[in-house]
Amino acid sequence: MSSPTVDLIEYDDAVARFDPVIGIEVHVELGTRTKMFCPAEAVFGEEPNTAVSPVSLGLPGALPVVNGTAVEYAIRIGLALNCSIAETCRFARKNYFYPDVPKNFQTSQYDEPIAFDGYLDVELGDGTIFRVEIERAHMEEDAGKNTHVGGATGRIHGAEYSLVDYNRAGIPLVEIVTRPITGAGARAPEVARAYVQTLRDIFRTLGVSEARMERGNVRADVNLSLRDTPESPLGTRTETKNVNSFRSVERAVRYEVSRQAAILAAGGTITQETRHWHEDTGTTTAGRVKSDAEDYRYFPEPDLVPVAPSRAWVEEIRSGLPEMPVARRNRLQSVWGYADAEMRDVVNAGAIDLIEATVAAGTAPAAARKWWMGELARSAKTDQVELEDLRVTPAQIAELQGLVDSGRLNDKLARQVLEGVLAGEGSPGQVVVARGLEVVSDDGALLAAIDAALAAQPDVVAKVRSGNLGPVGAIIGAVMKATKGQADAGRVRALVVERIGTDG
Amino acid sequence: MSTLSRDEVARVAALARIDLTPDELDRLAGELDVIVESVARVSEVATPDVPATSHPLPLTNVFRADVPEPSLPIADVLRSAPASEDGKFLVPQILGEE
């Protein structure tokens, strides 16, 4: 099936003419050991249908029981998103027919989500803070996985039949729904991306999910509509499903802005529909039109009693919440005394944990930043790896800086030692010994080199002796060269001046 | 007084994937109407200050510990499946996504 040519308007022109409004639904798979409503193990990548129970298969008569840990994780997420936690809430059946939902309904929450009315402050690339309002976060279960067999592309169209694996069916999910996100203007794609990325960081900080995008632990549906001006009523939206990387979230918003703008500019209307995201081409195509098929006939789940988290329990969970990423970053910036731009670079480079560990091992914050954002950042870039994947630990950097602080290494030698550490030659101390890189601090050895240099440049000695200290650098340079850089330049200077002064 | 039309019954049946004959639609519209009217009489008694009841049992927070139990053996899992392949349930062609 070939897709018809789609008219697009350049992104910049589109946002100059229209005001984009986004809305994002994020599903996160919780990292509980068992499923939401049965004790089958929550696994990834196991043999098909080997982590299932009568409940996750939807066998007749099977009765669900709520996983208490999943409820606690959902409350943690709600609290981290500044939500109110429901005094009481219940599950509901969302009825639809699809092979990956064996019961013919998904157990979800409808009119009574466990968490509601929150917000999340996200930081954009230039440090701007943008507040995203959260409408609700509710508990539900994941579906099984369909594999389409036959047909040319492995996609659903043209498939002869499908195979279903229910290992994923019933894994606990929390779905987080934003209110319409207005006021982002041309930065809507960046806001969308930063929001999903911030959520991912929070899931990890809370310890409620591994939140691995590539495994589909976190999945985003991106709603987008355009309107003439920020004062106009909301336009008709499309919902692009299953956009599963940060970069794709940003691209999907950009693409839909350009596509919808072209339709509206030509006098057309937007069809309210779901759209499919195509990672390879960076485009979306029409899916299901929202209509009667949307009637899920929700009703309260009769097999599960309400969840009514006591206020004492909620407060206990709140008091046990770890520090959120943005709060931690602000605290560390203030403790470390970094400028805003410096801190931003540290965060963007993924160096915050590494610097924290280096500082904890005894290094001054400025020196820790100098290493990780300087030599080590360059090395990581050259090798095309992440900083944390370099063959050096924060403790080793602290050891290296300790050698500099104690005068046993100068900066140049320290860089050579680091080179050795990165090459796998051992700890800084071992590299110093193995490569013989220590600063020459033995005055006797230095004086011998200084005397040789003085003898070789009598004209310089004469100038210095007559009170012109300028040319003394030539002597120091000669000494450094003679000691292969392994001398402390400050000590050499002191000795040279002393030598010339007392010699005559 | 009929509150439930034949068309509404047909629509709900279609959503539930229940294939009803014209005769069945006529009969069920009448029968379901009796049920709807009975429920309506309850609404007359229930004043706005009476909260809706979805669960008759006075129970909340029935939770299970997050401790895994062994999976059903794969042979049992697939025993009732009309068809399977590579340990997966084989289902007919799916028309339309979602």
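The values are calculated or read from the model by the stated rules, or taken from the named source; none is laboratory data. The structure displayed is predicted, hence computed values, not measured ones. Cβ placement follows ideal geometry from the backbone for every residue including glycine, while neighbour counts extend to all protein chains displayed.
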Query raised in the report: Is there a residue being farther than 28 Å from residue A:481 by Cβ and of a type in the set (Lys, Arg) anywhere in region A:394-417?
Result: no
Query - Members of region A:448-504 that are of a type in the set (Ser, Thr, Tyr) and touching a residue at least 40 places away in the same chain (Cβ under 8 Å) - result: A:483
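Every residue, every condition in (1) more than 10 Å from chain B (Cβ to nearest Cβ); (2) surrounded by 23 or more Cβ atoms within 10 Å (Cβ to Cβ); (3) at positive phi; (4) in contact with a Leu (Cβ under 9 Å, 6 or more places away or on another chain), yes or no:
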{"residue": "A:27", "(1), (2), (3), (4)": "yes, no, no, yes"}
{"residue": "A:41", "(1), (2), (3), (4)": "no, no, no, no"}
{"residue": "A:45", "(1), (2), (3), (4)": "yes, no, yes, no"}
{"residue": "A:57", "(1), (2), (3), (4)": "no, yes, no, yes"}
{"residue": "A:62", "(1), (2), (3), (4)": "yes, no, no, no"}
{"residue": "A:66", "(1), (2), (3), (4)": "no, no, no, yes"}
{"residue": "A:69", "(1), (2), (3), (4)": "no, no, no, yes"}
{"residue": "A:84", "(1), (2), (3), (4)": "yes, no, no, no"}
{"residue": "A:105", "(1), (2), (3), (4)": "yes, no, no, no"}
Query raised in the report: without any contact (Cβ under 8 Å) to a residue 12 or more places away in the chain and not in a loop (DSSP other than H, G, I, E, B), is that true of residue A:247?
Result: no
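Results for (1) under 30 Å from the mean Cα position of the chain (by Cα); (2) farther than 19 Å from residue A:14 by Cα; (3) surrounded by fewer than 17 Cβ atoms within 10 Å (Cβ to Cβ); (4) among the aliphatic types (A, V, I, L, M), shown as yes or no for each residue.
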residue	(1), (2), (3), (4)
A:241	yes, yes, no, no
A:249	yes, no, no, yes
A:252	yes, no, no, yes
A:266	no, no, yes, yes
A:272	no, yes, yes, no
A:278	yes, yes, yes, no
Query raised in the report: For the subset of region A:183-197 comprising residues that are assigned to a helix (DSSP H, G or I) and over 18 Å from the mean Cα position of the chain (by Cα), which member is nearest to residue A:220 (Cα to Cα)?
Result: A:188
Query - Extreme residue, nearest to residue A:121 (Cα to Cα), among residues of region A:326-340 that are without any contact (Cβ under 8 Å) to a residue 24 or more places away in the chain and of a type in the set (Gly, Ala, Ser) - result: A:327
Report summary line: When region A:195-244 is checked residue by residue, the ones that are in contact with an Asp or Glu (Cβ under 7 Å, 6 or more places away or on another chain) and closer than 19 Å to residue A:82 by Cα are A:209
**Report entry** Matching residues, region A:378-399, being over 16 Å from residue A:356 (Cα atoms), in a helix (DSSP H, G or I) and hydrophobic (A, V, I, L, M, F, W, C)
**Finding:** A:380
Report task. Determine the pairs where a residue that is free of Cβ contacts under 8 Å to residues at least 12 places away in the same chain, located within region A:129-148, has a partner that is surrounded by fewer than 17 Cβ atoms within 10 Å (Cβ to Cβ) with Cβ atoms under 6 Å apart, the partner being 6 or more residues away or on another chain. Result -> A:129/A:121
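Go through the residues of region A:416-433 one by one and say whether even a single one is closer than 18 Å to residue A:492 by Cβ and of a type outside the set (Lys, Arg).
The answer is no, given that none of the residues of region A:416-433 is closer than 18 Å to residue A:492 by Cβ and of a type outside the set (Lys, Arg).
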Report task. Restrict the check to region A:444-458 and report whether at least one residue is assigned to a loop (DSSP other than H, G, I, E, B), small (Gly, Ala, Ser), modelled with pLDDT under 85 and on the phi < 0 side of the Ramachandran plot. Result -> no
Query - Residue within region B:43-61 that is within 13 Å of another protein chain (Cβ to nearest Cβ) and more than 30 Å from residue A:71 (Cβ to Cβ) present - result: no
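Considering only region A:282-294, state which residues are within 14 Å of chain B (Cβ to nearest Cβ) and either part of a strand (DSSP E or B) or in contact with a helix residue (DSSP H, G or I) (Cβ under 6 Å, 6 or more places away or on another chain) (or both).
A:284, A:285, A:286, A:287, A:288, A:289
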Query raised in the report: Looking at region A:418-442, which of the residues that are charged (D, E, K, R) and under 17 Å from residue A:484 (Cβ atoms) is modelled with the lowest pLDDT?
Result: A:442
Query raised in the report: Any residue in region B:17-32 that is at the interface with chain A (Cβ under 7 Å from one of its Cβ atoms) and either farther than 20 Å from residue A:300 by Cα or part of a loop (DSSP other than H, G, I, E, B) (or both)?
Result: yes
Requested in this report: Residues being under 32 Å from the mean Cα position of the chain (by Cα), closer than 25 Å to residue A:168 by Cβ and not β-branched (Val, Ile, Thr): count how many of those fall in region A:90-117.
Outcome: 8
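Regarding residue B:71, is this residue at the interface with chain A (Cβ under 7 Å from one of its Cβ atoms), under 30 Å from residue A:168 (Cβ atoms) and either at pLDDT below 95 or in contact with a Pro (Cβ under 6 Å, 6 or more places away or on another chain) (or both)?
no
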Report task. Go through A:256, A:190, A:231 for me and flag whichever is buried (at least 22 other Cβ atoms within 10 Å of the Cβ), at negative phi, of a type in the set (Asp, Glu) and away from every other protein chain (no Cβ under 14 Å). Result -> A:256
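Which count do you get for residues in region B:74-89 that are more than 9 Å from chain A (Cβ to nearest Cβ), farther than 11 Å from residue A:164 by Cβ and of a type in the set (A, V, I, L, M)?
1
Within region A:301-332, which residues are within 12 Å of another protein chain (Cβ to nearest Cβ) and either buried (at least 18 other Cβ atoms within 10 Å of the Cβ) or of a type in the set (Lys, Arg) (or both)?
Those that are within 12 Å of another protein chain (Cβ to nearest Cβ) and either buried (at least 18 other Cβ atoms within 10 Å of the Cβ) or of a type in the set (Lys, Arg) (or both): A:301, A:304, A:305, A:306, A:307, A:309.
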Requested in this report: Note down all Cβ pairs under 6 Å where the first residue falls in region A:407-432 and is in a helix (DSSP H, G or I), the second is surrounded by fewer than 14 Cβ atoms within 10 Å (Cβ to Cβ) and modelled with pLDDT of 90 or more, and they're at least six residues apart or on different chains.
Outcome: A:422/A:391
Query raised in the report: Regarding residue A:192, is this residue more than 23 Å from residue A:268 (Cβ to Cβ), modelled with pLDDT under 95 and in contact with a strand residue (DSSP E or B) (Cβ under 7 Å, 6 or more places away or on another chain)?
Result: no
Report task. Could you grab me the full set of residues in region A:253-281 that are free of Cβ contacts under 8 Å to residues at least 60 places away in the same chain, closer than 23 Å to residue A:217 by Cβ and not in a strand (DSSP E or B)? Result -> A:279, A:280
**Report entry** Out of A:388, A:399, sole residue that is in the same structural domain as residue A:336 (by TED's automatic domain parsing) and loosely packed, with under 15 Cβ neighbours inside 10 Å
**Finding:** A:388
